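The structure under discussion appears below in the form of structure tokens.
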Amino acid sequence: MTESSPRLDADSPLRGARILVTGGAGFIGSHIVDCLAPHADVRVLDDCSTGDRDTVHEDATLTVGSVTDRGLVDELTETVDHVFHLAAIPSVPATLDAPTRTLDVNTTATAYLLERAADRDARLVFASSAAVYGRPSQLPIPESEPTTPRSPYGISKLAADQYVRAYGDWDDCDAVALRFFNVYGPGQVAGVIPTFLARARAGEPLVVHGDGNQTRDFVHVDDVVRALVAAATTTATGEAFNVGTGTATSVEELATLVSDLAPGSVPVVHDDPRPADVRESCADTTVARDELGFAAEVSLTDGLASLVGRTLAAD
Ligand code: NAD
């Protein structure tokens, strides 16, 4: 838990509820489990392929297995009120290596969970991604932006996101898709921020790919937990909402921020650009604010300062 960790409202319908969190041993999943487990009957389904069983809150029950195992999913959804579905093959490179399995895990398993949630009258909240937009034609990116993903990851998330939005038209199902932008925070192991922090910790230069002017919308995991909780209780179902801050930060600016916060001075150097890297990304947060009642609260400077305090100053 962090200083900004969200707390469940005293009258939250999630209190005392039966909740399944898939991917609950992962980075984001373990944070939503930390928020819910002291107050609800939380079960976690995770194959621990990228997640770590030791991060699962002691009050939650972990089942190690795959979301593609329908017998297990049947068992875990036998009695359930809410499903937070975060399990996925979570990176573009991993999905490029396994495009067919990507559909099984990221898309078909989502469709099956929707069937089960509909059978049980349970709410399902799905971890979608800004990757569904591919190369956006406008910034900030509204939810109405055409979706043109080019990677197996983005395509699999978009197909699942469409199932989530349309499912309520075919069956009695309350489901919401949240399109996370670049999430960061304690416990994250992959991504540009943990990489910069690890290098700063080792006193090594921070390597920026390309000119560093590529931008991202970095959103703190505590804000993502707030968005997940809001989505679990909103009346605006059958929708997808952006989860970002609405602020674009260049990778160069990020590297400078980390370098300035690190106790020792670390230089910022440049390397070859990454092929097929999205140039600019930033959420339009209007719809999430107006319809979901969600707005990010943690600034990148505060979020990074707290992370640097945890990971670097401890040395
Ligand atoms: P993560 O890798 O830490 O978490 C994913 C979890 O899913 C892991 O614990 C992994 O072991 C588990 N998993 C993978 N395949 C599984 C399977 N077949 N059955 C059961 N469990 C399985 O990643 P994260 O960053 O916490 O991402 C959580 C979700 O949010 C993912 O769906 C990801 O696509 C989505 N997302 C994340 C970001 C981000 O910036 N971190 C951005 C957009 C979307």
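The values are calculated or read from the model by the stated rules, or taken from the named source; none is laboratory data. Note that the coordinates shown come from a computational prediction; the quantities given were computed from them, not determined experimentally. As a convention, Cβ positions derive from the backbone with ideal geometry for all residues, glycine included, and neighbour counts pool all protein chains shown.
Being aliphatic (A, V, I, L, M), surrounded by fewer than 18 Cβ atoms within 10 Å (Cβ to Cβ) and in a helix (DSSP H, G or I) is a property that A160 lacks.
Scanning segment 71-98 for residues that are surrounded by fewer than 21 Cβ atoms within 10 Å (Cβ to Cβ), over 21 Å from the mean Cα position of the chain (by Cα) and either within 12 Å of the ligand (Cβ to nearest atom) or in a strand (DSSP E or B) (or both) yields one hit, L72.
Among the residues here, G51 does not qualify as in contact with a helix residue (DSSP H, G or I) (Cβ under 6 Å, 6 or more places away or on another chain) and in a loop (DSSP other than H, G, I, E, B). Among the residues that make up segment 217-228, is at least one of them among the aliphatic types (A, V, I, L, M), away from the ligand (no atom under 13 Å from the Cβ) and either assigned to a loop (DSSP other than H, G, I, E, B) or crowded, with 16+ Cβ neighbours inside 10 Å (or both)? No, because not a single residue in segment 217-228 is among the aliphatic types (A, V, I, L, M), away from the ligand (no atom under 13 Å from the Cβ) and either assigned to a loop (DSSP other than H, G, I, E, B) or crowded, with 16+ Cβ neighbours inside 10 Å (or both). Any chance segment 4-15 includes a residue that's buried (at least 24 other Cβ atoms within 10 Å of the Cβ) and at pLDDT 95 or above? No, the conditions are met nowhere in segment 4-15.
Can you tell me how many residues in segment 124-153 are under 18 Å from R165 (Cβ atoms), part of a loop (DSSP other than H, G, I, E, B) and small (G, A, S)?
Residues of segment 124-153 under 18 Å from R165 (Cβ atoms): 124-134, 141-149.
Checking which are part of a loop (DSSP other than H, G, I, E, B) leaves us with 134, 142-149.
From the residues that got through so far, the ones that are small (G, A, S) too are 134, 144.
Counting residues in segment 124-153 that are under 18 Å from R165 (Cβ atoms), part of a loop (DSSP other than H, G, I, E, B) and small (G, A, S) gives 2.
Report yes if R101 is more than 13 Å from the ligand (Cβ to nearest atom) and of a type in the set (K, R), otherwise no. Judged against the criteria, R101 is not a match.
Return the total of residues in segment 168-181 being surrounded by 19 or more Cβ atoms within 10 Å (Cβ to Cβ) and either within 16 Å of the ligand (Cβ to nearest atom) or not hydrophobic (A, V, I, L, M, F, W, C) (or both). It would help to see each step written out before you state the result.
Within segment 168-181, the subset surrounded by 19 or more Cβ atoms within 10 Å (Cβ to Cβ) is 173-181.
Next, from what is left, pick out any that are either within 16 Å of the ligand (Cβ to nearest atom) or not hydrophobic (A, V, I, L, M, F, W, C) (or both): 174-181.
Selection size over segment 168-181: 8.
Looking only at segment 19-33, residues that are aliphatic (A, V, I, L, M), more than 6 Å from the ligand (Cβ to nearest atom) and assigned to a helix (DSSP H, G or I) come to 2 in all.
Only one of D222, D260 is at negative phi, touching a His at 6+ places or on another chain (Cβ under 8 Å) and charged (D, E, K, R). Can you tell me which? Walk me through it before giving the result.
Values: D260 fails: touching a His at 6+ places or on another chain (Cβ under 8 Å).
None of the others qualify; the one that does is D222.
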